[in-house]
Structures are given as structure tokens and as C-alpha cells.
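The values are calculated or read from the model by the stated rules, or taken from the named source; none is laboratory data. The shown structure was predicted, so the numbers you read here are calculated from the model rather than taken from an experiment. Quick reminder, even Gly has a Cβ in these numbers, built from the backbone with ideal geometry, and neighbours come from all protein chains shown.
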Amino acid sequence: MRTLAFILVLAACAFAKNVDLVTLPNRDGVQLTIYNSADITLVKETRSVTLKRGSNQLQFSWAGTLIDPTSVEFRPLEHVDEIEVADTVFPGQKPQHLFWNIDSTFEGEVKVEVTYFTSGLTWTMDYVGITDPDESGTSGVMDFTGHVRVFNRSGEEYENANIRLIVGKINLVEQIARLAKQKGIAVPRPSSRVHKEMEERALRGAMDRAAGARIGRGGGAKKAIVKEGLSEYFMFSVAGTETIRNGWSKRMQSIEARGAKFEVLYRMRAHQYGPRPVRFFIWSNSDKHKLGDSPLPDGRVRLYRRNGNNGMSFLGEQRVRYVPIKAKIEINLGPDDLVTYQSRKADTERVAFRFRVSNRREFVDGWDEKTKWIDRVRNARGKPIRFELQRIWPGDIEFRSEIETTLFDYRTTKATFRVSERAYLDYPAEITQHHGRNRKQNSVKLK
């Protein structure tokens, strides 16, 4: 196992003749905050070191790793007023090393923290839903779990690490501009050293704000989304600790919801999903569905059904963007051959003609076209279904139907109804479209 070379040189005084050279003890703890969007991870290590009064020297090496040496910082966590970092030296004869010269009036063991940025650590999220075989046709119950997989190509190994994920987007451009304004300077060039220092400072601040963002809710505290200008992000913590070896990946369960309820809805949206109805499983990231402790990170959802014979059948999969608390999760399982949709014109007539005269000739200048439509939904399944129909109507439209209908937007009608098992339902509608001078607007009006 490879660990960072981290050596402590202790000198009893500035002119010490007997110098003790010892290897720093193993990490007491390490925290990894992984930000995929920029391939950068903030590492916080805590260690216990023994200092003597006077001058002490710490050596830090990052050979063979992707650590950014300019980001390495050291600070004591105890006896802060008695311990001071005099300077940091990058010796020319020892590349990929640095020395901290420490002045201490305290003698004994003390906890210290070393932080730095590294790259090569990334994560993905996978969700699995396993549904009951007794789905009613309109609803069901599932066991929903989420696993995070961390990939380590950083060149370093991290034992018993506490893992936190930054989900969303941090607007570093905005943060760097703010820091430059505070210093009274122009925003530095992206390739400059000053820009890099500001970027690292902005990242540390954003990660600290994400870690501290909490909102009171009920009897406890829950994580909140941080919103700064155009950016929005939050921190997702993985319970427990894990060892992440270099060159390996590690899969860890981070979400578990047993007996989560979901709804089944068939949707007909030809403009969005094509000419056939598609089936959706829908639930929300809320207490009602055994979730809601925090927003859910981006990931891939795979759904299975228990078949009652100690086996499972695959239903489908879909990628989802991060899901805020109380937001819905909607998984498109594709068309179902047992549910079909047909639409036909039953009758058309033209009325309300308007005329104009030009060169002693009369022309039609406006008219209405009335069309009767019948949409039929057939359900060949042995269970009832819920069906949602959306249709786009271009032009100036008056819409009438005996089935309750609402507007999804200014030109799209929406109706949701129940279709019994092994039956069909007709959805009649009368459409009046205004043409020419009769046309006043480009929208649908419900009558």
C-alpha cells in the first residue's frame, strides 16, 4: 500500500545537534469532497504529531500523485496560539517535496490538518428500483436503493475516508470576479497563477458553504441547496467510511427506501414520445415515498419487477438529473403493446364566413372550421390504467369536450382519465378553428 511521504523532523532548539527523524503516524481521518464538474477533490487529512518546543520541520511529498502542490495547506487543530508555520520551502534539490518550518512553544502531541486539491477522483450514482409483482395497474410498491461508485486514479490511496459529493454546478467565474473586486484588481487571466489561487479559494469557500447549508425541518436538520447567482449545488454525504485504493473503484450504498409507493401513468404525447402511448412509473423524493432526506444526485435508474418465482424481470432504465426534495422522479418505460391509442375525425364543417369585395368581385376573407374528433384508448391489460392525453392545436382554437380537460400550455390540451381493464374509452372533442379575419389569436380557449 502506498501512502504520502510525510516526515517529521524535530529539533530541540534552533542549534540542535541531535535531530530526530521519524515517519509521521498514519492518518487519524481523511475527508474527500469530490466535485465532478471540474475533476477536482478537496482532501482534508487529520494526523497526530509530537512537537518539541522550538523549531520543527515537516516534509511533504506528492511524487507519483495528481496533487496540486500549490494548494497544500497546514494548520494545527489544537494549541493554535502556541504553534505557528514560519514558512514553506520548496527545495530545488528535492522536486515534488516541500518543507514546513514550524515554531512551537508547546511540547507534546497535537492534532493537525493538512488540506490540498487533487484530481483523478470521480463518482457516479446508480439507483435500483425492485417492484412488487402485485402492481395494481395504477400504483405499486418498490424497494428503492442508491449506490455511489467512486473511481480513484489520483495516484494516492485513502483509507477509512469520509466521502462527500458536490452535486450541481458551482459558478467559479462569479466567485473569482467577487474575489478580484475585494482585492481591487481586474479579473486575472485564466492561465495566470493569481487566477488559479482565486479559483482554489473560491472552491474551498463553496464547499464549506455546501457543508454548512442546513435548513430546519421537523425535529431535525436537513441539507439545503446553495444558490449563488446562476449556480446551484449541494453536498451529498455518504454514511460511514470507506477505503478507496488507487486504480480501483468502490461501490457504496447511500440510499435505501423499503416499501416506497409509486404511481403508474400512461401518456400519449405524440409531439414528445412518438405515435404510441408510453408507460411511466412516478414517485417523489419525499417522506411520503420513504425518501426526502436530501436531494438525489444525478444518476441512472434501473427498474426491475419480482416475478414471484425468486427471479426478476427488467423493466427499463433512464438517466435522471439531480432531484430536489419533494420533486418527482418520472421513469419512461416505453410503449406497452397492451395499451393502444387511435384518433379520427368524425365530422368537419365550415361556418361563419366573412367576405370582402375587391374589383367588384367577392372573396372569402374569414371562416371557422368545426371538426369533431374521437380519440379512443384501448386497454387490453387485466388491470385498470390511468391515461394522460396531451394534444397540440395550432392556430386560434375553441375546444369543447364532455370529459374534463385543462390547458397544459397556451396551445396544448390535457386530459387524464381511467380506463377499465380489457375495455376502451372514447374521448370526444369539438374543435373550432378560426381562419382569416376570424382569427384573433394563436392559442386554445376552453369552452
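Across the stretch 157-172, what is the total count of residues that are surrounded by fewer than 22 Cβ atoms within 10 Å (Cβ to Cβ) and over 18 Å from F234 (Cβ atoms)?
3
Within the stretch 120-149, can you find the residues that are in a loop (DSSP other than H, G, I, E, B) and under 16 Å from N307 (Cβ atoms)? Even if it seems obvious, please write down each step before you answer.
We begin by selecting, within the stretch 120-149, every residue in a loop (DSSP other than H, G, I, E, B); these are 120, 132-138.
If the condition is that a residue be in a loop (DSSP other than H, G, I, E, B) and under 16 Å from N307 (Cβ atoms), then D132, P133, D134, E135 are the ones that fit.
Return yes or no: is T46 among the β-branched types (V, I, T), over 30 Å from E232 (Cα atoms) and either in contact (Cβ under 8 Å) with a residue 60 or more places away in the chain or crowded, with 17+ Cβ neighbours inside 10 Å (or both)?
Numbers: among the β-branched types (V, I, T): yes; over 30 Å from E232 (Cα atoms): no; either in contact (Cβ under 8 Å) with a residue 60 or more places away in the chain or crowded, with 17+ Cβ neighbours inside 10 Å (or both): yes.
For T46, the condition - among the β-branched types (V, I, T), over 30 Å from E232 (Cα atoms) and either in contact (Cβ under 8 Å) with a residue 60 or more places away in the chain or crowded, with 17+ Cβ neighbours inside 10 Å (or both) - is not met.
Report yes if G168 is out of contact with any helix residue (DSSP H, G or I) (no Cβ under 7 Å at 6 or more places or on another chain), at positive phi and not in a strand (DSSP E or B), otherwise no. First the steps, then the outcome.
Working: out of contact with any helix residue (DSSP H, G or I) (no Cβ under 7 Å at 6 or more places or on another chain): yes; at positive phi: yes; not in a strand (DSSP E or B): no.
Criteria not met by G168.
Taking the stretch 412-437 only, how many residues are modelled with pLDDT of 95 or more and either crowded, with 17+ Cβ neighbours inside 10 Å or assigned to a loop (DSSP other than H, G, I, E, B) (or both)?
13
Between P297, P277, which is over 30 Å from G29 (Cβ atoms), outside the structural domain of R386 (by TED's automatic domain parsing), touching a residue at least 60 places away in the same chain (Cβ under 8 Å) and buried (at least 16 other Cβ atoms within 10 Å of the Cβ)?
Working: P297 fails: over 30 Å from G29 (Cβ atoms).
Just a single option satisfies the conditions, and that option is P277.
Could you list all residues from the stretch 332-371 that are within 18 Å of A429 (Cα to Cα) and within 45 Å of the chain's Cα centre (by Cα)?
Keep residues of the stretch 332-371 that are within 18 Å of A429 (Cα to Cα), which gives 341-351, 368-371.
Passing the criteria: Y341, Q342, S343, R344, K345.
Are any of the residues in the stretch 150-157 of a type outside the set (D, E, K, R) and modelled with pLDDT under 95?
In the first step, residues of the stretch 150-157 are kept if they are of a type outside the set (D, E, K, R); the result is 150-152, 154-155.
If we keep only those that are modelled with pLDDT under 95 as well, we get none.
No: the stretch 150-157 contains no residue that is of a type outside the set (D, E, K, R) and modelled with pLDDT under 95.
Going residue by residue through the stretch 346-357, is there one that turns out to be within 30 Å of T138 (Cβ to Cβ) and in a strand (DSSP E or B)? Walk me through it before giving the result.
At the first step, the residues of the stretch 346-357 found to be within 30 Å of T138 (Cβ to Cβ) are 346.
Filter once more, keeping what is in a strand (DSSP E or B): 346.
The answer is yes, given that some residue of the stretch 346-357 is within 30 Å of T138 (Cβ to Cβ) and in a strand (DSSP E or B).
Just the residues that are closer than 30 Å to R245 by Cα and hydrophobic (A, V, I, L, M, F, W, C), please, taken from the stretch 65-88.
L66, I67, V72, F74, L77
Against the definition (over 23 Å from L265 (Cα atoms), of a type in the set (G, A, S) and without any contact (Cβ under 8 Å) to a residue 12 or more places away in the chain), how does S443 come out, yes or no? Reasoning before the result, please.
Numbers: over 23 Å from L265 (Cα atoms): yes; of a type in the set (G, A, S): yes; without any contact (Cβ under 8 Å) to a residue 12 or more places away in the chain: no.
Taking the combined requirement at face value, the residue does not satisfy it.
Just one of E113, E197, E174 is assigned to a strand (DSSP E or B) and either at pLDDT 95 or above or in the same structural domain as E82 (by TED's automatic domain parsing) (or both); which is it? Steps first, please.
Values: E197 fails: assigned to a strand (DSSP E or B); E174 fails: assigned to a strand (DSSP E or B).
Unique residue meeting the criteria: E113.
Determine the pairs where a residue that is more than 30 Å from E388 (Cα to Cα) and surrounded by fewer than 11 Cβ atoms within 10 Å (Cβ to Cβ), located within the stretch 342-367, has a partner that is at pLDDT 95 or above and not acidic (D, E) with Cβ atoms under 9 Å apart, the partner being 6 or more residues away or on another chain.
V351/W367; V351/K370; V351/T432
For the stretch 394-411, name all the residues that are surrounded by 14 or more Cβ atoms within 10 Å (Cβ to Cβ) and either outside any strand (DSSP E or B) or free of Cβ contacts under 8 Å to residues at least 24 places away in the same chain (or both). Reasoning before the result, please.
Going through the stretch 394-411, the residues surrounded by 14 or more Cβ atoms within 10 Å (Cβ to Cβ) turn out to be 395-401, 403, 405, 407-408, 411.
G395, S401, I403, T405, F408, R411 - these are the residues of the stretch 394-411 that are surrounded by 14 or more Cβ atoms within 10 Å (Cβ to Cβ) and either outside any strand (DSSP E or B) or free of Cβ contacts under 8 Å to residues at least 24 places away in the same chain (or both).
Restrict the check to the stretch 402-410 and report whether at least one residue is more than 38 Å from the chain's Cα centre (by Cα), polar (S, T, N, Q) and at pLDDT 95 or above.
Of all residues in the stretch 402-410, those more than 38 Å from the chain's Cα centre (by Cα) come to 402-403.
In the following step, the residues that additionally are polar (S, T, N, Q) were identified as none.
The answer is no, given that none of the residues of the stretch 402-410 is more than 38 Å from the chain's Cα centre (by Cα), polar (S, T, N, Q) and at pLDDT 95 or above.
So is R391 farther than 17 Å from T348 by Cβ and basic (K, R) or not? Explain how you work it out, then say what you get.
Details: farther than 17 Å from T348 by Cβ: no; basic (K, R): yes.
Spelling it out, it is not the case that R391 is farther than 17 Å from T348 by Cβ and basic (K, R).
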